[in-house]
Structure formats: structure tokens, C-alpha cells
């Protein structure tokens with residue numbers, strides 16, 4: 001027991017000594033220093049203007065000015081569709097049945113005069129037999145088609161009214177990328193809709209117009225445009241018309257980011273021609289053109305990849321007569337630069353046949369200037385007259401009731417007859433034209449198209465209101 005007591009005492013003394021050693025070391029030899037680190041926050045501050053909201057564009061004036069001058073257009077057309085009885089033997093024996101089919105359409109338009117001239121897209125009113133215009137104040141008018149131009153997709157209507165609100169032309173040539181604009185129209189039949197966006201590109205050629213002489217130099221914006229906006233206004237911050245909304249880029253049929261408008265530089269000329277002549281006076285250079293690309297620039301040793309490359313010159317055309325040649329690169333028209341084919345088309349479209357324009361080209365690394373006398377589609381400098389003016393008549397669609405009474409499926413009635421080809425051929429007021437050159441005529445547009453495409457003699461068949469059938473033959477040549 002004594003031996004155990006000595007061992008225990010020795011163990012306690014060892015433990016106590018260890019504690020004493022640790023205390024002495026920490027007190028006299030290992031003083032831990034605690035350091036507090038204060039971090040300085042290095043931030044950069046930007047002083048914003050106190051009234052920064054005032055820097056944003058105020059579009060309320062433009063919206064209020066334009067919304068009352070943009071109208072809703074409703075169209076109606078009647079086509080005779082064919083349907084099957086469901087029995088192939090009966091269809092083979094009796095033929096397919098005919099049944100009138102009524103089609104409704106809608107779009108927008110822009111009032112451009114207080115007496116009722118209205119601009120819209122050709123595709124809005126194309127093939128329409130009845131055109132109704134609804135104003136922002138809910139008034140409704142029947143509209144008359146003054147004329148249409150498929151090559152630019154512009155049409156001109158007229159309503160009988162006075163003191164209408166209207167827009168004035170702006171200058172689309174002065175538009176800048178990033179400039180704010182408003183799109184005003186009636187998407188999805190929602191009247192008086194205003195959307196805002198910026199000019200995101202100019203001189204776009206989309207290839208959507210199918211006309212042989214199509215002119216495309218669209219203004220591209222990101223203002224929301226949807227079905228029903230076609231024919232509506234694109235206005236600047238001053239509320240002036242700078243374009244006619246025409247198309248959208250979409251895989252779904254609805255707006256997905258970009259919309260396109262015909263610039264007012266083209267619209268103004270088309271409207272003036274339709275009012276004065278009933279047909280657009282298209283001035284042609286007589287060249288096949290394309291944009292200069294890197295390959296062409298390298299081949300011709302050009303300093304810049306821009307300009308309009310002449311791929312071919314039409315024999316006896318305006319350009320050929322003036323001395324322009326294949327592989328010339330057009331860089332300006334009357335002192336204004338032309339970097340793309342779309343820009344060249346836009347500038348030339350503002351002239352009429354017979355006008356002289358100065359064209360500058362690059363040929364063999366040298367600039368050469370030529371004075372070109374522009375020509376019409378027939379190859380001369382004469383004014384092209386609307387065939388309807390030559391015919392000396394006005395027409396209107398025939399109602400379904402009249403068709404049923406007379407046993408006809410198509411037809412337009414002569415409502416006014418003056419000196420002209422039809423009167424000389426023996427037609428009388430009230431005569432209903434049912435076919436031209438054996439092709440049925442459902443509306444005035446059909447008649448215009450068939451007469452315009454006719455070569456040589458024209459056969460007109462129809463019936464008078466008393467049921468008497470008749471036919472006439474005439475020519476358009478003097």
C-alpha cells in the first residue's frame with residue numbers, strides 16, 4: 001500500500017509540473033498577438049442626372065397625332081368554290097358543284113388628305129369586292145379603289161368625306177439607325193393600337209413581292225406588328241408618316257422581333273402616280289443588278305465591298321443607250337450614294353420615264369459619270385396610261401341576288417360609260433360583264449388583270465339586266 005501511495009504521489013507531481021511548465025511558457029515566451037484587419041472598400045460610383053427620365057423620348061405627341069388618322073379596313077370578296085357530292089360516280093357524271101364562298105379580310109390604312117384619300121397595302125384589298133373603312137371615332141364609309149401597285153404593295157383608296165384627320169409625309173431618307181418610331185394599326189381587329197420601337201436596319205430586300213418589277217427597300221424596326229397592322233402607319237417622333245407597315249419576319253405568323261415598312265420615299269411617288277394616271281409610272285434603267293460581294297470586289301480590285309454590280313445590260317434599254325456596261329459598279333444616283341441594289345431601286349423608283357439621272361460607276365478602277373434617260377416597261381419614255389381610262393367606264397360588283405335572278409355565277413356591271421373603247425364597241429350602261437377571253441370575271445380587279453394581260457383582240461361576254469345575252473370584241477390599239 002505504501003508503494004502504491006508513492007507511485008500515485010509521483011504521478012500527481014508530474015501532472016502538476018506539466019501544468020506549471022505550460023503556464024510558464026505561454027506567459028513568458030509565446031505571446032499570441034491578435035491583429036484586426038480593416039478592409040477599405042474600393043467602389044466606383046457613377047453620378048447619374050437627377051432627372052434622367054427626361055432623356056427618354058416622349059412619344060405621346062406622335063401617338064395622339066397619328067392614332068386618329070389610321071383607319072381599320074374590312075374587306076369582303078366572293079369566290080365560287082367547287083365541292084363534291086361525296087359520290088365519285090355522281091361527280092364524274094354531273095361534275096363538281098359550284099357554291100359561292102364569302103371571304104372576309106382586315107387590315108389598316110392611313111388617311112393622307114382631309115377629303116378622304118387613304119393609303120394601304122395592295123395585299124390588304126387585293127381581290128376585294130367590298131371595302132369598308134372604319135375611323136377611330138367609329139364612323140364607317142364605303143371605299144373606292146383608286147389604284148394599286150403590286151410591285152411596291154401599295155394601294156390608294158378614296159372615301160367620300162370631309163375634314164378628316166390626316167398625316168403629313170415625313171422624310172424616310174433622313175431616318176437614322178436607333179431612331180425611335182411608332183407603329184400604328186389594328187392588329188387582330190384591335191383598333192387604334194400603338195407600339196414603339198427603333199429603326200434597326202434600312203434598305204432590306206426580302207423578296208416577298210411577286211411582281212416582275214418589284215421594288216423592295218424596307219425599313220426594318222422592332223416595333224411590334226401583327227396581322228391586321230398591314231397598311232398602317234410608321235411615324236417618327238414628330239408624328240409624320242415615314243413608312244407603311246407591310247410585313248413581319250416570323251415562323252409562327254405573329255410578331256417575333258422584326259417588322260418591315262415601305263419607306264415614304266417610295267409611297268409618295270406611287271400615290272401621286274395613282275392619283276394622276278391611275279397607274280404607276282415605273283422608270284427603268286434596263287439592267288440586271290446585284291450587291292457587290294467580297295468575290296466581286298476582289299475580282300474588280302475595288303477598295304470597298306459596296307455598290308451595285310451590273311450583271312447584264314438590256315439591249316435597247318436606258319442604261320445601254322447611255323453607255324453603261326456589264327461589270328460596271330454603280331456607286332451613286334444624282335449625287336446620292338447607292339451601297340446596295342435595294343437602295344438603287346428605291347432611288348430610281350422616285351423618277352418617271354423620260355427623266356434624266358446622273359449615274360456614277362466604277363469601271364477599270366476609275367469613276368465615270370453617265371446621264372441616263374429612264375424608260376418605261378415598253379422601252380420608251382411615254383407616260384403609261386391605265387387601260388381602264390382608255391376603256392372609258394366604271395364598274396361595280398354584282399350582288400348575289402342579281403346573279404341568282406339572271407342565272408349567272410360571276411359578273412361586274414358597267415355603272416358609268418363615257419367615250420372610250422367599250423362605248424365604241426357597242427356596250428351600254430348596265431351591261432354585266434361575266435367573262436373576258438373566256439375567263440370568268442368576279443370583280444373589277446379580275447377585269448383589269450385580264451384586259452391588262454390581253455394581246456390583240458379582247459372578247460367580252462355578258463348579259464343585260466333584262467336577261468339578254470351579248471358579246472363584243474375590241475382591241476386596245478389605236
remark   = One finds, for residue 299 and residue 383 with R0 = 56 angstrom and r their Cβ-Cβ distance, a FRET efficiency to the nearest 0.05 of 0.90
ask   = Expressed as a rounded percentage, what relative contact order does the stretch 172-277 have, with Cα pairs under 8 Å and six or more residues apart?
value = 25 percent
note = Taking alpha-carbon centroids only, the stretch 196-219 lies from the stretch 349-417 a number of Å equal to 21 Å
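Å³ per residue of the Cα convex hull, for the stretch 179-316?
Considering the Cα atoms of the stretch 179-316, their hull volume per residue is 159 Å³.
By per-residue mean of other Cβ atoms within 10 Å, what is the highest-first order of 346-353, 207-214, 444-451?
On the way: 346-353: 21.2, 207-214: 12.6, 444-451: 19.1.
Going from most to least packed, we get 346-353, 444-451, 207-214.
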remark   = With the 8 Å Cα cutoff and a minimum separation of six or more residues, the stretch 387-474 has a relative contact order in percent of 28 percent
message = Multiplying the sequence separation of residue 113 and residue 321 by 0.36 nm and subtracting their Cα-Cα distance, what value in nm do you get?
response = 70.8 nm
query = Packing-wise, with mean Cβ within 10 Å as the measure, how do 364-375, 111-122, 187-198 rank, highest first?
reply = 111-122, 187-198, 364-375
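Once the piece of chain linking residue 314 and residue 469 is laid out straight, how much longer is it, given 0.36 nm per residue of separation minus the C-alpha distance between them?
On the way: separation 155, 0.36 × 155 = 55.80 nm, distance 4.68 nm.
My answer for the length gained is 51.1 nm.
How would you rank 128-135, 294-301, highest first, on the average number of other Cβ atoms within 10 Å across their residues? Mind showing how you got there, number by number?
Numbers: 128-135: 20.1, 294-301: 12.4.
In descending order of packing, they fall as 128-135, 294-301.
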key: All-pairs Cα distance distribution in the stretch 287-373, expressed in whole percent, bin size 5 Å   = 3, 16, 27, 30, 16, 6, 2, 0
remark   = With label points set 7 Å from each Cα along the Cα-to-Cβ direction at residue 188 and residue 439, the distance between them in nm comes to 3.9 nm
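With a cut-off of 8 Å between alpha carbons and a minimum separation of six or more residues, what is the relative contact order of the stretch 287-373 in percent?
Working: 158 pairs, mean separation 24.1, N = 87.
Answer for the stretch 287-373 is 28 percent.
Under the classification rounded if a/c is under 1.5, otherwise prolate if a/b is larger than b/c and oblate if not, where does the stretch 387-474 fall, given a ≥ b ≥ c as square roots of the Cα gyration tensor eigenvalues?
On the way: a/c = 1.60, a/b = 1.38, b/c = 1.15.
It is prolate, given that a/c is not under 1.5 and a/b is the larger ratio.
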key: Projected label distance in nm at residue 60 and residue 15, using a 7 Å step from Cα toward the beta-carbon   = 8.8 nm
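Expressed in nm to one decimal, what extension gain is obtained for the pair residue 402 and residue 249 from 0.36 nm per residue of sequence separation less their Cα-Cα distance?
Details: separation 153, 0.36 × 153 = 55.08 nm, distance 4.31 nm.
Taking 0.36 nm per residue and subtracting the Cα distance, the gain is 50.8 nm.
Is the shape of the stretch 154-258 best called rounded, prolate or oblate, per the rule: a/c under 1.5 gives rounded, else a/b larger than b/c gives prolate, else oblate, with a ≥ b ≥ c the square roots of the Cα gyration tensor eigenvalues? Intermediate results must be reported in sequence, preceding the final value.
Numbers: a/c = 1.26, a/b = 1.21, b/c = 1.05.
Since a/c stays below 1.5, the shape of the stretch 154-258 is classed as rounded.
Any read-out appearing in this document is the output of simple, stated calculations on the displayed coordinates, not a laboratory observation. Quick caveat, the model's predicted, so the values are computed rather than measured. Glycine also receives a Cβ, built like all others from the backbone with ideal geometry; neighbour counts cover every protein chain displayed.
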